[in-house]
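Here is the structure we will look at.
The values are calculated or read from the model by the stated rules, or taken from the named source; none is laboratory data. Note that the structure is a prediction, hence the values are computed from the model and not measured. Cβ placement follows ideal geometry from the backbone for every residue including glycine, while neighbour counts extend to all protein chains displayed.
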Amino acid sequence: MSRPTADTVVIGAGVVGCSIAYELARSGHRVVVVDRAAGPGLGSTSASSAVIRYNYSTWTGVVAAWESKHRWESWEEHLGGTDDGSLARFRRTGGLCLDSPNQRASTVLGLFDQVGVPYEVWTAADLALRLPALDRGKHYPPKPVDDDAFWVEPSEELGGYWTPDSGYVDDPSFATHNLMVAARRHGAEFRFGATVTQVRRAGDRVEGITLADGSAVDAPVVVNASGPHSGRINELAGALDDFRITTRPLRQEVHEIPGLPAGNAPLPMIADLDLGTYLRATPTGNILVGGTEPECDPLHWLEDPDDVGLNPTQEVYQAQTYRVARRIPQATVPNTPRGVVGVYDVSSDWVPVYDRTSVRGFYVAIGTSGNQFKNAPVVGEFMRAIIEACENGHDHDADPVTVPLAQTGHVADLGHYSRLRELTATSGSVMG
Ligand SMILES: Cc1cc2nc3c(=O)[nH]c(=O)nc-3n(C[C@H](O)[C@H](O)[C@H](O)COP(=O)(O)OP(=O)(O)OC[C@H]3O[C@@H](n4cnc5c(N)ncnc54)[C@H](O)[C@@H]3O)c2cc1C
């Protein structure tokens, strides 16, 4: 019996892998997606806060998020159908980014002007009027919550900027399932419980993958979309020789606390780099809170992404939720943590690597650095453009592929995501 073949094997059925599979399949490629988990979106995507915001430190970062927002808004149209009658939903709550030197507002707002992202600059007085539940105290720099300085009453007030189009997607795993169903409509095949143990090569060209059960899929193109396992899959392919940007797994926790008492307006997304947190409402009215890697907090880098330890800790719970309670005095913090543990696949500069590699036919969509769920709708298109150009002999390293973006009219220069780039100047955190 001959071995199964495909035009492309995608390793990983997270939101990124499923988006790539969808774009390739609808362009006529025969795609096989393999994932070691039991279904789509069960890796780091399942822990995602799925916040949709536009404040990145680079033009391409802002453009990718702004283009994607339009696709989340017309999700059914983007996918060409529903998922058994329903779909994940983008909830537009608005978003506030409080002042902080950790991501310069002047840079971000200049980019918003160029890209066309609507915003309003709020003074402390605007903040009092528009979001009265928020304490306006300026606490910068962020401090550990067991440091007395954390409790010192601030003497200055801060403002921020408001983006009315921010929000969140209500179910990141279901959004990924939606992409899988859309890809299947175009013939993509998904195999679950399928762990890649070998990326096979003939000389400097890939020729397929081998799975833990000994079975194999032959394909001239293999895409690494394995999230926090990206470094391992790159090693299997022997593709790391010329990368200037590396990736590393970073443990994260996201917690949930009760919403504000009745009578308060629903909370928008709030990026609070002044204290070191971000938060948003949940569909049931609770508050979801995560961290923004303030310098005072230890980073939990992992040698092995599988050694993550799935129990949320009291330490991180307190750090995140006490900061929320400092900002929103009416917030309540129950004794017992209720949260999820996830892993970021962090690149050297917190910008992803969407690129070819030195191994012909081996491509990467990695280093998503805790901030690429929102961009998944365009990442599929970016990767299809790179793969099709390179497989047709184009030298993407010397002459980066550009992609015209249908919804916003901008053009994305994919050299931004090159593995060969010098470090990009960013916030050096999940904000990108
Ligand atoms: C806690 C947390 C909060 C976040 N919040 C936000 C946010 O608010 N907004 C935002 O835009 N982004 C956010 N992100 C980032 C975003 O969720 C990720 O960038 C995105 O989900 C990554 O998707 P992925 O498909 O690349 O990876 P994954 O979802 O991790 O998928 C990779 C898949 O590869 C599979 N795999 C790994 N190794 C193998 C192998 N050897 N063989 C076969 N399969 C394999 C895994 O099983 C997994 O399903 C957050 C991430 C985390 C962890």
Strands (runs of 3 or more DSSP E) wholly in segment 322-385 with at least 1 residues that are closer than 28 Å to Leu24 by Cα, modelled with pLDDT of 95 or more and among the acidic types (Asp, Glu) - which ones?
-> 339-347, 353-356
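If I ask for residues that are assigned to a loop (DSSP other than H, G, I, E, B) and buried (at least 16 other Cβ atoms within 10 Å of the Cβ), which ones from segment 398-407 would you list?
Pro400, Val401, Leu405, Gln407
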Could you identify the single residue in Ser86, Ser100, Ser48, Ser44 that is crowded, with 24+ Cβ neighbours inside 10 Å and away from the ligand (no atom under 16 Å from the Cβ)?
-> Ser100
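Of all residues in segment 90-132, which are small (Gly, Ala, Ser), assigned to a loop (DSSP other than H, G, I, E, B) and either more than 30 Å from Glu76 (Cα to Cα) or within 21 Å of the chain's Cα centre (by Cα) (or both)? Spell out how you get there, then give the answer.
Of the residues in segment 90-132, the ones small (Gly, Ala, Ser) are 94-95, 100, 105-106, 110, 116, 124-125, 128.
Checking which are assigned to a loop (DSSP other than H, G, I, E, B) leaves us with 94, 100, 116.
Those that are small (Gly, Ala, Ser), assigned to a loop (DSSP other than H, G, I, E, B) and either more than 30 Å from Glu76 (Cα to Cα) or within 21 Å of the chain's Cα centre (by Cα) (or both): Gly94, Ser100.
Within segment 21-31, is even one residue within 11 Å of the ligand (Cβ to nearest atom), touching a residue at least 40 places away in the same chain (Cβ under 8 Å) and on the phi < 0 side of the Ramachandran plot? Steps first, answer last, please.
Filtering segment 21-31 for residues within 11 Å of the ligand (Cβ to nearest atom) gives 21.
Now narrow it down to the ones that are touching a residue at least 40 places away in the same chain (Cβ under 8 Å): 21.
Those left that are additionally on the phi < 0 side of the Ramachandran plot: 21.
Yes, the conditions are met somewhere in segment 21-31.
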Out of the residues in segment 4-20 that are of a type outside the set (Ser, Thr, Tyr) and surrounded by fewer than 24 Cβ atoms within 10 Å (Cβ to Cβ), state the one that is farthest from the ligand (Cβ to nearest atom).
-> Asp7
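Restricting attention to segment 212-246, report how many residues are within 12 Å of the ligand (Cβ to nearest atom) and either hydrophobic (A, V, I, L, M, F, W, C) or part of a loop (DSSP other than H, G, I, E, B) (or both).
So the answer is 10.
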Select from segment 147-190 the residues that are in contact (Cβ under 8 Å) with a residue 60 or more places away in the chain, over 24 Å from Phe90 (Cβ atoms) and assigned to a loop (DSSP other than H, G, I, E, B) and write down the one among them that is farthest from the chain's Cα centre (by Cα).
-> Asp147
Residue hits (segment 247-283; within 16 Å of the ligand (Cβ to nearest atom), in contact with a helix residue (DSSP H, G or I) (Cβ under 9 Å, 6 or more places away or on another chain) and in a loop (DSSP other than H, G, I, E, B)) are Gly276
Tell me, which residue of segment 346-378 that is of a type in the set (Lys, Arg) and away from the ligand (no atom under 12 Å from the Cβ) is nearest to Val430 (Cα to Cα)?
-> Arg356
